[in-house]
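Here's the structure, in structure tokens; my notes come after.
The values are calculated or read from the model by the stated rules, or taken from the named source; none is laboratory data. In this text, all values refer to a predicted model and were calculated from it rather than measured experimentally. Note that each Cβ is placed from the backbone with ideal geometry, even for glycine, and that neighbours are counted across all protein chains shown. Remember, those area values only see protein heavy atoms, side chains included, never the ligands or the DNA or RNA. Shrake-Rupley method; radii C 1.70, N 1.55, O 1.52, S 1.80 Å.
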Amino acid sequence: MERWVIAAARANISAQLMARVLLVEDEPNIASIIVFKLERETHQVRWESSAAAVPGAAEAMQPDLVLLDSSLPDGDAFVLLATLVTHHPVVMMTEFRDTATPPRARAAGAVATVEKPFKPTQLARLVAQLVPAAAGRP
């Protein structure tokens, strides 16, 4: 009987995991807020702060969604975007009042753009909308 209860509890936890999210953000304060909120929403989040780490992280994690900062100090976010969109949906996070990046990002294959600052709840809602098929994945 105890084994069944443990197995049922594990299955319930797995069923609650919504999505694997790769976060690419060089600002630790912003990243910690995003990670905190998305993990509270039962998403698995991997945070990378450098462009150089992204290809390996994406290969290892196989994310359901990538949240990509548009300005990274060690690489061109649009080069990353071009690489990532061939296998993963990408949301580009842009700076406040940056009017050039959102249309450029969507033209390059981003599924959405989000302007910083944003409310963590709004970002979590967007993630849930973009990856509903990941719900219930073991």
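Contact map, the range 29-49: first residue closer than 20 Å to Q62 by Cβ, second residue open to solvent by 60 Å² or more (accessible area, probe 1.4 Å) and of a type in the set (S, T, N, Q), Cβ cut-off under 6 Å, separation 6 or more or different chains; pairs are T42/Q16. Restricting attention to the range 62-73 and to residues that are at negative phi and outside any strand (DSSP E or B), the residue that is least open to solvent (accessible area, probe 1.4 Å) turns out to be P63. Of the residues making up the range 36-53, those that are over 12 Å from the mean Cα position of the chain (by Cα) and either closer than 9 Å to L23 by Cα or not hydroxyl-bearing (S, T, Y) (or both) are F36, R40, E41, S49, A51, A52, A53.
Is it the case that some residue within the range 28-42 is over 19 Å from Q122 (Cα atoms), surrounded by fewer than 16 Cβ atoms within 10 Å (Cβ to Cβ) and either in contact with an Asp or Glu (Cβ under 6 Å, 6 or more places away or on another chain) or among the hydrophobic types (A, V, I, L, M, F, W, C) (or both)? Checked against the condition, which is being over 19 Å from Q122 (Cα atoms), surrounded by fewer than 16 Cβ atoms within 10 Å (Cβ to Cβ) and either in contact with an Asp or Glu (Cβ under 6 Å, 6 or more places away or on another chain) or among the hydrophobic types (A, V, I, L, M, F, W, C) (or both), the range 28-42 yields no hits at all. Only a single item in (1) out of contact with any Leu (no Cβ under 7 Å at 6 or more places or on another chain); (2) in contact (Cβ under 8 Å) with a residue 24 or more places away in the chain; (3) not acidic (D, E) is not met by A60, and it is number (2).
If we keep just the residues of the range 74-130 that are free of Cβ contacts under 8 Å to residues at least 60 places away in the same chain and among the polar types (S, T, N, Q), which is surrounded by the most Cβ atoms within 10 Å (Cβ to Cβ)?
Selected residue: T94.
When you look at R104, is it in contact with a helix residue (DSSP H, G or I) (Cβ under 8 Å, 6 or more places away or on another chain) and farther than 24 Å from P28 by Cα, yes or no? Considered against the rule, which asks whether it is in contact with a helix residue (DSSP H, G or I) (Cβ under 8 Å, 6 or more places away or on another chain) and farther than 24 Å from P28 by Cα, R104 comes out as yes.
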